[in-house]
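Here is the structure we will look at, set down as structure tokens.
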Amino acid sequence: MNKIHLVLTLTLLLFLPACFSSPNSNQTENPPQPSDVETFSIPDADINLAEPLEISKQPKDVALCGRINRTIEQSEHANARWGVIAISLKDGRIVCGRDERKLFNPASIQKVLTAIVALDKLGADFRFRTSVYAARAIENGILDGDLTIYGRGAPDFDGASLENLVAQLEAKGLKHIKGNVVGDESYFTGDGYGDGWTWNDLQWYYGAEASAVTFKQNEAGVYMKDGAPVASSNYLEIQNDLQPKQADKNEGYGIRRGLGNNQIYIWGNGEKASGRMSVHNPTLWTAKTLKETLEKRGIVVEGAAQSVDWKAKNKLIVENAVELAAVESVTLAEIVQRMNKRSVNVYAELLLRTLGKRFGDSAPAEIRDQQEVRGDDAAGISVIKKFLRENKVATDEIQIHDGSGLSRLNFVTPEAYARALIYAAQSNFSDAFVNSLPIAATDGTLGGRLGKAKGKIMAKTGSITFVSSLAGYAQTPGDEVLSFAIISNNVTRKSDSSNVIDLIATSLTEEGESEKIEKVNSGKAEK
């Protein structure tokens, strides 16, 4: 999830509600359950994306587009940049377009593109594998050497997964490790952070780094206990400078995590301090937790918890190692559903790197000299751009710099998102993708929005500072289904533009005056 920057002062701090957490906020939530709210079905479309899409001149469409433009121009956000498009899945006509071919920063609707390419290339049933390796097998309960947990980017690896691995090692009779417990994230090369992320996003859960060994979404919680702030994991170190509430001062607190460590500094005055923090070097956190869990089970570990990445000389050579235990993730369809329903950035970044790792060789770098040195993140971007180009979704003029939409360097057209949604609707993974989208006034990030269009819109939300967006499917009063994208940039007023976006999206599902008149006249004619 993408949030605005936080201005920290000793007197008054403005925190977004999602930054607060319970003691268990670092735990992976239960997967979304199917909704009992009646929604609409995506029709079997047959739109040739290689053909130009034409703007409709039908009176009802012209009238709808006029209402949308007036909604924007009469709003408090009229001075922002707006891009809008709605395309009928019945015949491919553009029902409404407003700067639909101009470039905008999309925020989290970027996950739509990441999800579609991942489902297309990996398949909805794909699963991630996390393994425990050693140089040799366990003999008489003793492992002579290091025990290495090796990740391949599983987004949902959590405490239960780790316990599963330990149980498998116990079943093989492990009693003593004559070496270290090592977390190995060398499966991915390149950066763990997205290109164009702002530095002050990195400490929050939505700015968590992507690692081949990801644990509990690479986040931990800070909360109050017995009058003092504590962390949900001992991997975080808290320096508490929070003073008791002072009558002559405004109550407020600040939280700051060092960019290169897990030291949390808390200051200010008051009785409450909480936050969902990203964890630096989650691979070492995983190794440390694994070591502690083994020791709690009575297994002796002589060495320490360590971590290695792709730059390390002593990284694991899988082909020369013995796999002692392994767990698999849920299916990619479930991963994408969790990612889109809740807008989980680290999931998207792991999918991006997985695409780069597995398919990067088929998508050369735009600059030839970068081919041999680019990371899996950059390779994943090339895979997505190539896919969009080859499937007539977007041209090379778009800019993609991450998988989640947190980057300030992404620039994509509204039409590209609408076209991508058409591609998904016509694909063999249509059900998996559509089921991943939040439902209006029902679940996910739309649970509290679009009340008048409940069950009539399924769409991905987006929000970062000065940007709001929405992209998905809407059902018209005539049971026609539209793919749509609404993006606002340069939204600098105190309130964001989501209320205007909701008005626009809702209008896609409502009858206009022309439709009402037509219905009345039709009824008279029948009589």
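The values are calculated or read from the model by the stated rules, or taken from the named source; none is laboratory data. What you see is a predicted model; the values in this text were computed from it and never measured. Quick reminder, even Gly has a Cβ in these numbers, built from the backbone with ideal geometry, and neighbours come from all protein chains shown.
Considering segment 90-163, the qualifying strands (runs of 3 or more DSSP E), each wholly inside and each with 1 or more residues that are at pLDDT 95 or above and within 26 Å of Leu352 (Cβ to Cβ), run over 129-134, 147-150.
Applying a threshold of 6 Å to beta carbon distances and a minimum spacing of six or more residues, or different chains, the list of pairs starting in segment 121-142 at a residue that is crowded, with 19+ Cβ neighbours inside 10 Å and ending at one that is of a type in the set (Lys, Arg) reads Phe128/Arg152; Ile138/Lys172.
Give segment 269-280 a look and list any residue that's surrounded by 22 or more Cβ atoms within 10 Å (Cβ to Cβ) and either without any contact (Cβ under 8 Å) to a residue 60 or more places away in the chain or more than 30 Å from Ser131 (Cβ to Cβ) (or both), or say none. Show your work before the answer.
Step one: filter segment 269-280 for residues surrounded by 22 or more Cβ atoms within 10 Å (Cβ to Cβ), giving 273, 275-280.
Within segment 269-280, Ala273, Gly275 meet the criteria.
Beta carbons closer than 9 Å, at least 6 apart along the sequence or on distinct chains, pair a first residue in segment 328-352 that is in contact (Cβ under 8 Å) with a residue 60 or more places away in the chain and small (Gly, Ala, Ser) with a second that is buried (at least 24 other Cβ atoms within 10 Å of the Cβ) and part of a strand (DSSP E or B) for Ser329/Thr130; Ser343/Lys460; Ser343/Thr461; Ser343/Gly462; Ser343/Ser463.
If the condition is being among the acidic types (Asp, Glu) and not in a helix (DSSP H, G or I), then segment 164-195 contributes Asp184, Glu185, Asp191, Asp195. For Leu64, the conditions (1) at pLDDT 95 or above; (2) surrounded by fewer than 18 Cβ atoms within 10 Å (Cβ to Cβ) all hold with the exception of (2). Comparison of Ser497, Ser469, Ser488, Ser483 shows that the only residue that is surrounded by 22 or more Cβ atoms within 10 Å (Cβ to Cβ), under 17 Å from the mean Cα position of the chain (by Cα) and of a type outside the set (Phe, Trp, Tyr) is Ser469.
Taking residues in segment 292-318 that are modelled with pLDDT of 95 or more, and partners anywhere that are among the small types (Gly, Ala, Ser) and not in a loop (DSSP other than H, G, I, E, B), the pairs with Cβ atoms closer than 7 Å and at least 6 places apart or on different chains are Ala305/Ala287; Gln306/Ala287; Ser307/Gly183; Ser307/Ala287.
Let me confirm something: among Leu6, Leu49, which residue is among the aliphatic types (A, V, I, L, M), in a loop (DSSP other than H, G, I, E, B) and either surrounded by 20 or more Cβ atoms within 10 Å (Cβ to Cβ) or at pLDDT 90 or above (or both)?
Going through Leu6, Leu49 in turn, the sole match is Leu49.
Checked against the criteria, Lys60 does not count as of a type in the set (D, E, K, R), within 28 Å of the chain's Cα centre (by Cα), closer than 20 Å to Ala505 by Cα and not in a loop (DSSP other than H, G, I, E, B).
Count, please, the residues in segment 307-336 that happen to be assigned to a strand (DSSP E or B) and over 28 Å from the mean Cα position of the chain (by Cα). So the answer is 4.
One residue alone among Arg353, Arg276 is under 28 Å from Gly447 (Cα atoms) and of a type in the set (D, E, K, R), and that residue is Arg276.
The single residue among Ile464, Ile457, Ile422 that is among the β-branched types (Val, Ile, Thr) and either free of Cβ contacts under 8 Å to residues at least 60 places away in the same chain or over 26 Å from Phe104 (Cα atoms) (or both) turns out to be Ile457.
Taking segment 343-448 as the region of interest, the helices (runs of 4 or more DSSP H) fully inside it that hold 1 or more residues being modelled with pLDDT of 95 or more and touching a strand residue (DSSP E or B) at 6+ places or on another chain (Cβ under 6 Å) are 414-425. Scan segment 210-230 for residues that are surrounded by fewer than 21 Cβ atoms within 10 Å (Cβ to Cβ) and either assigned to a loop (DSSP other than H, G, I, E, B) or of a type in the set (A, V, I, L, M) (or both) and report the count. Adding up the residues that qualify gives 5.
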